[in-house]
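These notes are about the structure you will find just below.
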Amino acid sequence: MGSRTEVLKLFRTLHRTRQQVFKNDARALEAARQKINEEFRNNQNETSSERIAELMKIGSDVEVLLRTSVIQGLHSGSDRLLLIPRKDLLLDNIPYCDTPTQKL
């Protein structure tokens with residue numbers, strides 16, 4: 001029973017991530033919703049605990065990839081693309097240090 005709740009938790013997490021990543025893009029939101037639902041529906045009768053664990057790992061990896069790597073872009077002209085980064089994608093700018101550090 002514990003694995004069922006974990007699967008449902010992953011399902012909800014993927015949908016929440018989808019809503020954040022593809023906000024204001026109805027076409028991408030719908031495509032991601034259909035793909036998530038299709039993958040879970042295709043594997044709903046899986047009984048092997050090893051296979052379920054493997055699928056859970058894949059789902060978790062996909063969620064991390066969506067959250068950390070996908071960025072939205074809008075066409076703002078014939079040859080321009082306006083990127084819209086989310087706050088969790090922006091990292092602190094670490095200045096480059098030209099002098100090597102000494103090893104102890």
**Message:** Report the Cα-based extents of the range 1-84 along its three principal axes, largest first, to the nearest Å.
**Reply:** 52, 20, 17
**Fill in**
Charge tally for neighbours of K35 with beta carbon under 11 Å away, counting Lys, Arg as +1 and Asp, Glu as -1, is 0
**Complete:** Comparing K57, K87, K35 in a Gaussian network model of the chain (Cα, 10 Å), the one with the largest mean-square fluctuation is K87
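Which FRET efficiency value, to the nearest 0.05, is calculated for E54 and A28 with the Förster distance at 22 angstrom and r the Cβ-Cβ distance?
Numbers: r = 27 Å, r/R0 = 1.22.
Once rounded, the FRET efficiency stands at 0.25.
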**Asked** Rolling a 1.4 angstrom probe over the protein heavy atoms, how many square angstrom per residue are accessible across the chain?
**Response** 87
**Message:** Defining a contact as two alpha carbons under 8 Å apart and six or more residues distant in sequence, what relative contact order in percent does the chain show?
**Reply:** 24
**Fill in**
For D25, the residues 5 or more places away or on another chain with a placed amide H closer than 5 Å to its own amide H are none
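How much of the accessible area of the range 4-87, in percent, comes from carbon and sulfur atoms when a 1.4 Å probe is used? Intermediate values should be presented prior to the final figure.
Details: 3430 of 6500 Å².
Solvent-exposed carbon and sulfur of the range 4-87 make up 53 percent of the total.
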**Asked** Where does the charge balance sit around R67 when Lys and Arg score +1, Asp and Glu -1, over other residues with C-beta under 15 Å from its C-beta?
**Response** +3
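The values are calculated or read from the model by the stated rules, or taken from the named source; none is laboratory data. Bear in mind that the values here come from a model prediction, so they are computed numbers and not experimental data. Every residue, glycine among them, receives a Cβ derived from its backbone with ideal geometry; neighbour counts consider all protein chains shown. These area figures cover heavy atoms from the full protein model, side chains too; ligands, DNA and RNA do not enter into them. Shrake-Rupley method; radii C 1.70, N 1.55, O 1.52, S 1.80 Å.
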